[in-house]
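Quick notes on the structure that follows.
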Amino acid sequence: MPLTKKMFPTTQEKVKEAPTFRVTRPMDMKLPGGPLPVVAWANGGCFRSDFSWQPLFDRWAGAGFVVLSLTGTGSDDDLASMLSQTTDKEHAALIDWTVKANESGPYAGMLDLKRIVLAGNSCGGVTSLQVASKDKRAAAVFVLSGSSAVGSVDKQIMSSISIPVGYVTGSQEEDIAAPNAAGDYEAMTAGVPAMLVQRTSGDHVTVSTDAKILPEDAEIALNWMDLALYGTKQAHDTLTSPDVCEHCTKGVWKLKAKHLEQLVK
């Protein structure tokens, strides 16, 4: 069954031994069946508040993912930490935690270490790609209105990434990240699967945080992760259809892609 057809009840929790991120997951982790794929997420602006992107996390968790989203500790005496930005090292630490959590404790044996997605918005997309260029434990990348460097393209990073990368941006004219995401797409190593989905209208903030658009972002991302992680043909066919996702607003999204057929199993 395609991931977009799965709708499990979800829940959120903070993990005591790792207070700097939140877990959004299926309420009953046994319901999806088998180890669950993981999304390691960093927020737009590398902020320590993940509130704006909750619709993404809830939809992905409803499809059977365990979503780790970077946050602050939430303690009143940790204002300096709350005001600081998250880093690529913290983003990579989400994968470290995933590996350890799968060995012992309540998540033991429940996480699919072969299906970890690095994801983020804007600055969080930058750290996603930075980590993907160095950490070979990730299986795919999803970037929402972001690129390999703030305001530019880091060709060294892009040439070091060998896993599938998917981008969703606003319009080429309105979204400040769209031209750089397009530059990333062109700078990728030959043969690596990639997609660039652009909205015909909408700026950086709109495509990243608008409550009416986030469900479509989430569904496009689910199709991407379903194809990149599982090779699901229906996900491929939906992404390459005129509307990119089943519930997307018609005529609004456009796909540019390469080597997607290599992912189909």
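For the chain, what is the calculated [θ] at 222 nm in deg cm²/dmol (nearest 500), taking -39500 (n - 2.57) for each run of four or more DSSP H residues and dividing by its residue count?
Value at 222 nm, helices only: -9000 deg cm²/dmol.
Cα-Cα pairs above 24 Å in the chain: how many percent?
That fraction is 42 percent.
If you restrict to DSSP beta bridges whose two residues both lie in the stretch 8-263, what percentage is antiparallel, to the nearest 5?
About 40 percent, rounded to the nearest 5.
Here are some pairs, Lys5/Lys256; Lys136/Lys258; Lys5/Lys155; which of them have Cα atoms lying more than 29 Å apart in this structure?
Over 29 Å apart, Cα to Cα: Lys5/Lys155.
Using 11 Å as the cut-off for backbone N distance, which residues of the stretch 220-241 belong to the label zone defined by a point 7 Å from the Cα of Met1 along Cα→Cβ?
Once the point is set 7 Å along Cα→Cβ of Met1, nothing inside the stretch 220-241 turns out to lie under 11 Å by backbone N.
Give the order of Leu31, Leu56, Leu227, Leu255 when sorted by the count of other beta carbons within 10 angstrom, beginning with the fewest.
The fewest-first ordering by Cβ neighbours comes to Leu31, Leu255, Leu56, Leu227.
For Cα pairs less than 8 Å apart in space and 6+ apart in sequence, what is the mean separation divided by the residue count of the stretch 8-263, i.e. the relative contact order in percent?
Answer for the stretch 8-263 is 15 percent.
Out of the trypsin sites (Lys or Arg not before Pro) in the stretch 99-149, which ones are loop residues according to DSSP with at most 15 other C-beta atoms within 10 Å?
Lys134, Lys136
Identify all aspartates and glutamates with a Cα-Cα distance to Lys14 below 14 Å; exclude those on the same chain that are fewer than 8 residues away in sequence.
Straight-line reach from Lys14, under 14 Å: Asp50.
Reachable aspartates and glutamates from Lys100, Cα under 20 Å, same-chain residues fewer than 8 places away excluded?
Counting by Cα, and skipping residues close in sequence, Lys100 has these aspartates and glutamates nearby: Glu13, Glu17, Asp88, Glu90, Asp112, Asp135.
In the neighborhood of Ala257, defined by Cβ-to-Cβ distances under 14 Å, what is the net charge if each Lys or Arg adds +1 and each Asp or Glu adds -1?
Summing Lys/Arg as +1 and Asp/Glu as -1 gives -1.
Tally Lys and Arg at +1 and Asp and Glu at -1 over the other residues with C-beta under 15 Å from the C-beta of Ile161: what net charge comes out?
0
Enter the Cα centre distance for the pair the stretch 166-189 and the stretch 207-265, rounded to the nearest angstrom.
16
What size of dipole, in debye to the nearest 20, comes out for the chain about its Cα centre when the only charges are +1 on Lys and Arg C-beta atoms and -1 on Asp and Glu C-beta atoms?
Roughly 780 debye for the chain.
Testing the spin-label approximation: label points 7 Å from Cα along Cα→Cβ at Thr189 and Ser104. State their distance in nm.
Roughly 3.6 nm, to one decimal.
Pick out, from Met29, Ala119, Gln156, the residue whose Cα sits farthest towards the positive end of the charge dipole of the chain, with +1 on the Cβ of Lys and Arg and -1 on the Cβ of Asp and Glu.
Highest projection toward the positive end goes to Met29.
Values in this text are rule-based calculations from the coordinates and carry no lab data. For clarity, every value in this text was computed on a predicted model and none was experimentally measured. Virtual Cβ from ideal backbone geometry, glycine too; neighbours counted across all protein chains shown.
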